[in-house]
Amino acid sequence: MEDTGDDDRIHEGQAEHSTFDGEDIYAEDGSVRSDFLMHVGAAIADRDLLFLRRHVARLHESEMGDLLEAIQPEQRRQLVSLLGADFDLAALTEVDEAIRLDIVEHLPNEQIAAALGEMDSDDAVYILEDLDQEDQDEILAKLPFTERIRLRRSLDYPESTAGRRMQTEFVAVPPFWTVGQTIDYLREDADLPESFSQIFVIDPTFRLLGAIDLDRILRMPRGTKIEAIMRETNHPIPAEMDQEEAAQLFEQYDLLSAAVVDENGRLVGVLTIDDVVDVIQEEAEEDLMRLGGVGDEELSDTTIETVRSRAPWLLVNLLTAFLAASVISVFEGTIEEIVALAVLMPIVAGMGGNAGSQTMTVTVRALATRNLDIHNAWRVVRREAGVGLLHGIAFGLMIGLVAGIWFHDPNIGGVIAAAMLINMTAAALAGIAIPLFLDRAGADPAVSSAVFVTAVTDIVGFLAFLGLATWWFAIR
């Protein structure tokens, strides 16, 4: 989008806005300061380019991302348009997908191509992958041949893989070079990455042979051969590997960077710790959202998009609620005779649901981090069953005592105590068994577990409490 305004359209309010002298844009709670947002909004409205260039264009890409998320949609587009070439497109890697697409769709492909040419390849891919094929092709066609090939290769890998996350800028040398040759190459070649911590060693076909840390290069005599001091690459990552698995390798082996190789062992890129931190955060947020049944929902989504995202699992929950209600209907006569049962039965189901959610959360996270597998599953099942049993005894006695005193009937207290014991144990077992079963069946336990665990605890809770009450008061 071209800037239709000229410098003579900078209004008189410019001087007032430009007096803002804050360096830190964040408040104590981590949100963007309201006074800064006020100044930015006024500067956008008045087309105060001096203020925007002095106080907004200087922001780090992550700060710019927070600012874009804090202002209104129309202000975002106007801000990006006013800044023009001063806007760092890398800031779009720090915002929700909906915001990123909204901004990119209002930018001319020429401006996007020019900005991508200045960015790291992993950030460029992050922006390109959300565009439709036609825009991708047009933007890539405007880039130099080498950059175009690198980006196309990354885009050819499936989403959420190491190949999509990697940087294609890296430093590689042959094994027969000396330390001196390598150092001279690092000093003289203008096309090297801006920052790197490892040098990779490759053969003429680009097959990965090893790696050397920069500090080791600097400590060696200039005449030392690279092959004499290189080490085998620590855990090269296949380009097709899922990004979450790659992140687990970084966590397990304390890596700062790792080589990414294709199916033939050829070096195609490097995965760095800053990208892995983003992956870990994304995956953790995704698991948390899915446990709540809201999938990939973003705060910037529209009302209709949010409704569509949440409705399917709410429908499943409605069906399971009907199952629980049908259990209650079986004991309708008992409830009419003993009104106290209607008062107390939500306690049994609610406590079971909370206990099941606790176990389910721990289980889903353990499956995601691969800390729970077939080798230790039975031990964990036994532990959770013991936890459920002990909780059932403790809370059953507690609520049984309260219910007996409340309704002046020790029989009511005994029935709810027994029902609590049964449901808390069942909840613990369901909380671990259901995610394990779904994982073995190939389903995502983070998405599916909550509804089924809640259904089990409701049905078992009502059945145990009302069934025991019907039986006990029938034989008295």
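Comparing Pro174, Ile432, Pro193 along the charge dipole axis of the chain, the residue lying farthest to the positive side is Ile432, per the Cβ-charge model. Near the amide H of Leu209, within less than 5 Å, lie the amide hydrogens of Val201, Ile202, Asp203, all on another chain or at least 5 residues away, with H placed in the peptide plane.
Packing, as the average of other Cβ atoms within 10 Å across residues, places the peptides 137-146, 175-184 in the order 175-184, 137-146, highest first.
For segment 203-257, the orientation-averaged shadow of the C-alpha convex hull comes to 4.8 nm² (one quarter of the hull surface). Sequence-distant contacts, meaning Cα pairs under 8 Å at least 6 residues apart, place the relative contact order of segment 71-171 at 27 percent. Ligands, DNA and RNA excluded, the heavy atoms of His106 present near 70 Å² of accessible surface to a 1.4 Å solvent probe. A simple rule links phi to the HN-Hα coupling: the Karplus curve 6.51 cos²θ - 1.76 cosθ + 1.60 with θ = phi - 60°, which for segment 265-275 gives x, 7, 5, 10, x, 9, 9, 10, 5, 5, 5 Hz, with x for Gly and Pro.
Kirkwood analysis of the Cα pair distances in the chain returns a hydrodynamic radius of 27.2 Å. Within segment 71-128, the percentage of alpha carbon pairs spaced more than 17 angstrom apart rounds to 30%.
Projecting the Cα atoms of Pro108, Thr93, Pro144 onto the charge dipole of segment 88-152 (Cβ charges, centred on the Cα centre) puts Pro144 farthest toward the positive pole.
So what is Rg over Rh here for segment 337-413, counting just Cα atoms and using Kirkwood for Rh? Working shown, then result.
Details: Rg = 16.8 Å, Rh = 14.5 Å.
Radius of gyration relative to Kirkwood radius: 1.15.
Heavy-atom accessible area with a 1.4 Å probe sorts Trp472, Trp406, Trp313, largest first, into Trp406, Trp472, Trp313.
Remark: segment 428-435, residue by residue, has Karplus-estimated 3J(HN,Hα) of 4, 5, 5, x, 9, 5, 5, x Hz, where x stands for each Gly or Pro and the curve is 6.51 cos²θ - 1.76 cosθ + 1.60 at θ = phi - 60°. Only helices enter the 222 nm calculation for the chain: every DSSP H run of n ≥ 4 contributes -39,500 (n - 2.57), and dividing by all residues gives -20000 deg cm²/dmol, rounded to 500. A dipole drawn for the chain from +1 and -1 charges on Cβ atoms has a positive end, and of Ala246, Leu49, Leu318 the residue lying farthest that way is Leu318. Rounded to the nearest 10 degrees, the inclination of helix 34-46 to the longest alpha-carbon principal axis of the chain is 50 degrees. For the pair Ala98 and Glu188, label points projected 7 Å from Cα toward Cβ lie 5.5 nm apart.
Report the normalised scattering of segment 395-476 as log10 I(q)/I(0) at q = 0.12 Å⁻¹, calculated by the Debye formula with identical scatterers on the alpha carbons. One equal scatterer on each Cα of segment 395-476 leads to -0.44.
The values are calculated or read from the model by the stated rules, or taken from the named source; none is laboratory data. Source: prediction; values computed, not measured. Quick reminder, even Gly has a Cβ in these numbers, built from the backbone with ideal geometry, and neighbours come from all protein chains shown. Remember, those area values only see protein heavy atoms, side chains included, never the ligands or the DNA or RNA. Shrake-Rupley method; radii C 1.70, N 1.55, O 1.52, S 1.80 Å.
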